[in-house]
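Comments concern the structure below.
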2 protein chains.
Amino acid sequence: MITATRVNGRATDQVASSDRGLMYGDGLFETITCVDARPRWLALHLQRLRRGCERLQLPFADFEALSAEIEAMARVPERSIVKLILTRGPARQRGYRPQGNETPTRILTRHEWPAGNAAADFRVGISAVRLGMNPLLAGLKHLNRLEQVMAQTAMRDAALEEVLMLSSAGQLIGGSMSNVFFAGEAGLFTPALDDCGVAGVMRQRVCEAAASAGIAVQVRAVDPGELPQVHEAFVTNVRWGVQSISALSGRTLSGRSHAQQLRRLVDAPDC
Amino acid sequence: MITATRVNGRATDQVASSDRGLMYGDGLFETITCVDARPRWLALHLQRLRRGCERLQLPFADFEALSAEIEAMARVPERSIVKLILTRGPARQRGYRPQGNETPTRILTRHEWPAGNAAADFRVGISAVRLGMNPLLAGLKHLNRLEQVMAQTAMRDAALEEVLMLSSAGQLIGGSMSNVFFAGEAGLFTPALDDCGVAGVMRQRVCEAAASAGIAVQVRAVDPGELPQVHEAFVTNVRWGVQSISALSGRTLSGRSHAQQLRRLVDAPDC
């Protein structure tokens with residue numbers, strides 16, 4: 001449930017229907033977990049947002065004010081989720097082409113922390129919905145998310161907690177709302193995101209935490225044909241943290257050791 | 001310039017910031033040209049919209065009321081453009097997954113007919129921005145349009161009227177805001193849209209008009225390597241109609257005969 005909404009600093013939940021975020025998905029978002037009245041990993045979220053603005057040539061600059069606004073919204077006793085949507089703003093004229101002088105729209109909503117997703121038993125399948133490849137958009141958390149919507153629609157009745165998605169070329173990319181790691185013979189490996197997928201904040205935290213613990217993480221192309229040899233796998237996002245997969249495409253995975261170690265490390269207070 | 005806006009039948013230009021159209025681009029749109037106070041080719045627009053609703057499992061059914069609403073908006077003396085956005089509506093809860101019981105949002109805006117785009121000299125290039133491939137979304141006019149935004153951003157300074165876009169696999173698909181036809185030895189050919197691209201209403205009208213005139217139209221994969229052999233090409237959308245390309249990647253195209261014939265046919269009053 002939404003407990004607060006602010007649009008461009010005002011307490012409203014209305015936006016202009018001519019906003020390019022609505023017309024074209026021309027914008028970015030961040031889903032920020034807030035604990036003890038503070039947003040977690042805010043610097044990493046804003047870093048990704050900044051990369052997205054550069055890539056989309058979205059002329060937003062006031063990251064300091066935005067940061068303060070997110071912190072203010074997080075200032076509630078119970079843990080919460082603050083979602084930021086940053087669009088290119090209302091269209092200056094018809095058509096896809098930005099004029100370059102748009103005024104971005106920022107939308108902040110605070111949500112109750114959702115119930116559910118018990119950590120014990122996380123069943124993960126492979127989605128039949130694939131991800132189109134575009135290196136210019138890969139890694140960004142942009143607003144063009146129909147593929148994820150379709151993947152989640154298709155899994156609605158499948159008694160799964162998450163699905164992994166392949167690129168149109170058949171390579172494994174990640175979960176519909178998470179990144180994925182596998183334990184191999186020499187440490188961990190996780191899909192490269194050069195062609196599609198979202199470079200998650202928790203993915204980055206896991207890579208940093210693994211490095212600090214001396215665990216190698218290979219970022220590389222992952223073929224779905226490798227999955228039958230895997231005995232430990234986990235999905236990550238800022239809400240789930242490091243979430244072990246108990247069954248992958250119906251096959252039980254027994255490994256938990258990397259996930260347990262990393263879960264402690266990513267939650268370390270100095271991060 | 002926008003001269004009227006209605007959201008769900010009310011005279012407002014505000015939508016909820018929790019609309020899935022804004023959050024995920026979870027919706028569809030149509031750009032409808034209106035002449036003599038009537039929308040043109042409305043049946044074809046609504047046919048495509050209906051296909052899109054089915055593909056996205058977007059539970060909108062009231063096409064009759066929508067049709068009447070579009071007709072009412074078109075009832076102005078000067079020609080105009082009516083844009084329809086149909087989204088899955090406000091989110092029922094967090095996350096990509098639709099609940100299935102959303103109430104779609106329909107946004108209608110009427111725009112002045114834009115100046116510009118003289119028919120005489122239409123220079124067209126090839127965009128470096130490619131289109132991700134997804135058969136589930138191909139053909140639809142959905143709201144995930146960042147690739148088109150990026151292509152139009154890149155051509156801003158290039159003194160071109162349109163750019164053609166390739167799929168990630170390197171096949172020619174169409175213009176950033178149009179479809180494309182080429183004249184070959186045995187009639188016309190136009191790219192198949194099985195993997196990406198928008199199946200335009202004017203593209204359909206051109207195919208029908210060509211059939212009625214006994215001109216063969218092959219819908220097939222088109223390799224950009226074929227372009228140097230082409231001597232006539234045209235782009236189509238409902239606003240431009242059939243628009244001859246005078247220069248393609250800097251090479252002058254002299255052919256005009258198919259475009260001239262088809263222009264008369266698609267405008268025939270019985271269509």
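The values are calculated or read from the model by the stated rules, or taken from the named source; none is laboratory data. Note that the coordinates shown come from a computational prediction; the quantities given were computed from them, not determined experimentally. Cβ placement follows ideal geometry from the backbone for every residue including glycine, while neighbour counts extend to all protein chains displayed. Please note that ligands, DNA and RNA were not included when accessible areas were found on the heavy atoms of the full protein model with its side chains. Shrake-Rupley method; radii C 1.70, N 1.55, O 1.52, S 1.80 Å.
Scanning segment A:84-116 for residues that are of a type in the set (Lys, Arg), surrounded by fewer than 22 Cβ atoms within 10 Å (Cβ to Cβ) and either touching a strand residue (DSSP E or B) at 6+ places or on another chain (Cβ under 9 Å) or in contact (Cβ under 8 Å) with a residue 24 or more places away in the chain (or both) turns up A:Arg94, A:Arg106, A:Arg110. Only residues that are open to solvent by less than 60 Å² (accessible area, probe 1.4 Å) and either at positive phi or more than 7 Å from every other protein chain (Cβ to nearest Cβ) (or both) were counted in segment A:1-18, giving 3. Residues of segment B:97-124 that are more than 11 Å from chain A (Cβ to nearest Cβ) and part of a strand (DSSP E or B): B:Arg110, B:Arg123, B:Val124.
Restricting attention to segment B:125-172, report how many residues are of a type in the set (Asp, Glu), free of Cβ contacts under 8 Å to residues at least 24 places away in the same chain and either within 7 Å of chain A (Cβ to nearest Cβ) or not in a loop (DSSP other than H, G, I, E, B) (or both).
At the first step, the residues of segment B:125-172 found to be of a type in the set (Asp, Glu) are B:147, B:157, B:161-162.
Those left that are additionally free of Cβ contacts under 8 Å to residues at least 24 places away in the same chain: B:147, B:157.
Those still in the list that are either within 7 Å of chain A (Cβ to nearest Cβ) or not in a loop (DSSP other than H, G, I, E, B) (or both) too: B:147.
Matching residues across segment B:125-172 total 1.
Taking the criterion of being charged (D, E, K, R), open to solvent by 60 Å² or more (accessible area, probe 1.4 Å), assigned to a loop (DSSP other than H, G, I, E, B) and more than 15 Å from B:Glu185 (Cα to Cα), the only residue of segment B:215-260 that qualifies is B:Asp223. The residue that is nearest to B:Cys196 (Cα to Cα), among those in segment B:114-142 that are within 17 Å of the chain's Cα centre (by Cα) and modelled with pLDDT under 95, is B:Asn117. Close Cβ contacts (under 6 Å, 6 or more residues apart or on different chains) running from residues in segment A:19-34 that are more than 13 Å from A:Arg145 (Cβ to Cβ) to residues that are open to solvent by 10 Å² or more (accessible area, probe 1.4 Å) and among the aliphatic types (A, V, I, L, M) comprise A:Arg20/A:Ala91; A:Thr33/A:Val238.
The residue pairs whose first member lies in segment A:40-65 and is more than 14 Å from chain B (Cβ to nearest Cβ) and within 16 Å of A:Leu143 (Cβ to Cβ), whose second member is modelled with pLDDT of 95 or more and part of a helix (DSSP H, G or I), and whose beta carbons are closer than 6 Å, counting only pairs six or more residues apart or on different chains, are A:His45/A:Val201; A:Phe60/A:Cys53.
Can you name the residue in segment A:79-96 that is more than 10 Å from chain B (Cβ to nearest Cβ) and farther than 11 Å from A:Pro39 by Cα and, of all such residues, is modelled with the lowest pLDDT? Give the derivation first.
Our first condition is that a residue be more than 10 Å from chain B (Cβ to nearest Cβ); within segment A:79-96, this holds for A:79-80, A:82, A:84, A:86, A:89, A:92.
Next, only the ones that are farther than 11 Å from A:Pro39 by Cα stay: A:84, A:86, A:89, A:92.
Values: A:Leu84: 98, A:Leu86: 98, A:Gly89: 98, A:Arg92: 89.
Among them, the one singled out is A:Arg92.
Residue check: is A:Arg203 touching a Leu at 6+ places or on another chain (Cβ under 7 Å) and either at pLDDT 95 or above or farther than 23 Å from A:Cys34 by Cβ (or both)? No. Applying the set (1) within 25 Å of A:Pro39 (Cβ to Cβ); (2) not in a loop (DSSP other than H, G, I, E, B) to A:Met177 leaves exactly one unmet item: (2).
When B:Ala211 is tested against (1) open to solvent by 20 Å² or more (accessible area, probe 1.4 Å); (2) part of a loop (DSSP other than H, G, I, E, B), just one condition goes unmet, and that condition is (2).
Listed conditions (1) assigned to a helix (DSSP H, G or I); (2) at pLDDT below 95 are all met by A:Asp270, apart from (1). Checked against (1) farther than 30 Å from B:Thr109 by Cβ; (2) open to solvent by 60 Å² or more (accessible area, probe 1.4 Å), A:Ser67 passes all but condition (2).
Does A:Val76 satisfy the criteria of being more than 12 Å from every other protein chain (Cβ to nearest Cβ) and assigned to a loop (DSSP other than H, G, I, E, B)?
Numbers: more than 12 Å from every other protein chain (Cβ to nearest Cβ): yes; assigned to a loop (DSSP other than H, G, I, E, B): yes.
Against the criterion (more than 12 Å from every other protein chain (Cβ to nearest Cβ) and assigned to a loop (DSSP other than H, G, I, E, B)), A:Val76 qualifies.
Looking only at segment B:19-35, filter to residues that are in a helix (DSSP H, G or I) and among the aliphatic types (A, V, I, L, M); which one of those is most open to solvent (accessible area, probe 1.4 Å)? Filtering first and then ranking leaves B:Met23.
Here B:Thr33 meets each of (1) under 23 Å from A:Gly25 (Cβ atoms); (2) within 15 Å of the chain's Cα centre (by Cα) with one exception, condition (1).
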